[in-house]
1. Would you tally the residues in the range 84-109 being polar (S, T, N, Q) and without any contact (Cβ under 8 Å) to a residue 24 or more places away in the chain?
2. Please name all residue pairs, on different chains or six or more residues apart, with Cβ atoms under 8 Å, provided the first residue is in the range 27-38 and is more than 19 Å from Leu228 (Cβ to Cβ) and the second residue is not aliphatic (A, V, I, L, M).
3. Among Ser205, Ser230, which is the only one that is surrounded by 16 or more Cβ atoms within 10 Å (Cβ to Cβ), among the hydroxyl-bearing types (Ser, Thr, Tyr) and modelled with pLDDT under 80?
4. Kindly indicate whether Ile129 is under 28 Å from Gly206 (Cα atoms), assigned by TED's automatic domain parsing to the domain that holds Gly208 and either modelled with pLDDT of 90 or more or surrounded by 13 or more Cβ atoms within 10 Å (Cβ to Cβ) (or both).
5. Can you work out which of the residues in the range 213-251 that are of a type outside the set (A, V, I, L, M, F, W, C) and within 21 Å of the chain's Cα centre (by Cα) is farthest from Tyr175 (Cα to Cα)?
6. Against the definition (out of contact with any Phe, Trp or Tyr (no Cβ under 8 Å at 6 or more places or on another chain), in the same structural domain as Ala55 (by TED's automatic domain parsing) and surrounded by 15 or more Cβ atoms within 10 Å (Cβ to Cβ)), how does Tyr116 come out, yes or no?
7. Which pairs do you get when a residue that is assigned by TED's automatic domain parsing to the domain that holds Ala82 and closer than 20 Å to Val76 by Cβ, found in the range 146-169, comes within reach of a residue that is at pLDDT 80 or above and among the hydroxyl-bearing types (Ser, Thr, Tyr), reach meaning Cβ atoms under 9 angstrom, with the pair 6+ apart or on two chains?
Amino acid sequence: MKRSLHWLLPLATGMIILGAWWLVTTVWADRLIYFPGPGQVVKAVWTERAELLPATGKTLWMALAGFAAATVGGGVLALLLASARPVRLSLYPWVLALQMVPVVIMIPIFQIWYSYNAAKTIISMTFMISFFPIVANTTMGLVSTDRRLRELFRTWHARHWQEVLYLRIPYALPYFLTGLKIAAVLAPVGVITGDMLAGTSEGTSGLGFLLYKYRSEFRPDAVFAVALLSAVLGFVFASAVYGLSWLLLHRWHDSATRME
């Protein structure tokens, strides 16, 4: 029963919100002409499916590319930062400074570097947005390994690589997965934002370009349709990472084994 509540309560809340949305847009339809109801949004998804579905596919693969690059790059950099305190003190402030640079400012730079290739620009922007949460969380996990366990490894004359492979990485795995969860939510947002600013032409860009197009055409139902598909993408990304987290942790870590 307790496990079922994890699904039933959010589902019930979603149905209440959906019903309230439908009720408001039906009762005050003459006043809320720019606020489409759920039926209008679903109709817009179907009507514009020839544009929306290919754009959703392109947004998905660009988000996957940026997210994958951030996962690999963030994990490798975290291992480097955790390898020695002088390395961490030297590099981490610059990683933090890079994160403080507004990503929007980087778009013109990426466009020049990639000769105005929209896909490469958007993937690079998504990488930047997703990169820091992975680095920060993974580094925290690697440097927070229990000192008593590290001393035990040294007592048994374990080599440094053995300590990293068999102790530090497993200990940091929940932190790494937490960073992935944050990055998974940010990746589709980064693609859509970048696509709005760097998308090139109709038929070659993703949901962000269509969002810009429908807004220019003053079509709120189509704008809501893009928002709906964007939310679905974010849900798919987050669900995949949560599933991976459960798969890797449910046998041994409290975050996955203990039911709230």
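1. Keep residues of the range 84-109 that are polar (S, T, N, Q), which gives 90, 99.
Filter once more, so that each one left must be without any contact (Cβ under 8 Å) to a residue 24 or more places away in the chain: 90.
So the count comes out to 1.
2. Sorted first by the residue in the range 27-38, then by its partner, the pairs are Ala29/Gly37.
3. Values: Ser230 fails: modelled with pLDDT under 80.
Testing whether each residue is surrounded by 16 or more Cβ atoms within 10 Å (Cβ to Cβ), among the hydroxyl-bearing types (Ser, Thr, Tyr) and modelled with pLDDT under 80 leaves just Ser205.
4. On the way: under 28 Å from Gly206 (Cα atoms): yes; assigned by TED's automatic domain parsing to the domain that holds Gly208: yes; either modelled with pLDDT of 90 or more or surrounded by 13 or more Cβ atoms within 10 Å (Cβ to Cβ) (or both): yes.
So Ile129 passes the test.
5. Narrowing the range 213-251 to residues of a type outside the set (A, V, I, L, M, F, W, C): 213-217, 219-221, 230, 234, 239, 242-243, 245, 250-251.
The next check asks that each one be within 21 Å of the chain's Cα centre (by Cα); those that pass are 230, 234, 239, 242-243, 245.
Values: Ser230: 26, Gly234: 21, Ser239: 17, Tyr242: 13, Gly243: 15, Ser245: 10 Å.
Looking at residues that are of a type outside the set (A, V, I, L, M, F, W, C) and within 21 Å of the chain's Cα centre (by Cα), I get Ser230.
6. Details: out of contact with any Phe, Trp or Tyr (no Cβ under 8 Å at 6 or more places or on another chain): yes; in the same structural domain as Ala55 (by TED's automatic domain parsing): yes; surrounded by 15 or more Cβ atoms within 10 Å (Cβ to Cβ): no.
So Tyr116 fails the test.
7. His160/Ser83; Glu163/Thr145; Val164/Ser83; Leu167/Thr145; Arg168/Thr145
Residue-wise test of (1) outside any loop (DSSP other than H, G, I, E, B); (2) surrounded by fewer than 17 Cβ atoms within 10 Å (Cβ to Cβ); (3) touching a His at 6+ places or on another chain (Cβ under 7 Å).
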{"position": "Ala20", "(1), (2), (3)": "yes, yes, no"}
{"position": "Asp30", "(1), (2), (3)": "no, yes, no"}
{"position": "Ile33", "(1), (2), (3)": "no, yes, no"}
{"position": "Val41", "(1), (2), (3)": "yes, no, no"}
{"position": "Trp46", "(1), (2), (3)": "yes, yes, no"}
{"position": "Gly57", "(1), (2), (3)": "yes, yes, no"}
{"position": "Leu77", "(1), (2), (3)": "yes, no, no"}
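The values are calculated or read from the model by the stated rules, or taken from the named source; none is laboratory data. Just so it is clear, the model here is predicted, and its values are computed rather than measured. Don't worry about glycine lacking a Cβ; one is built from the backbone with ideal geometry, like all the others, and counts go over all protein chains shown.
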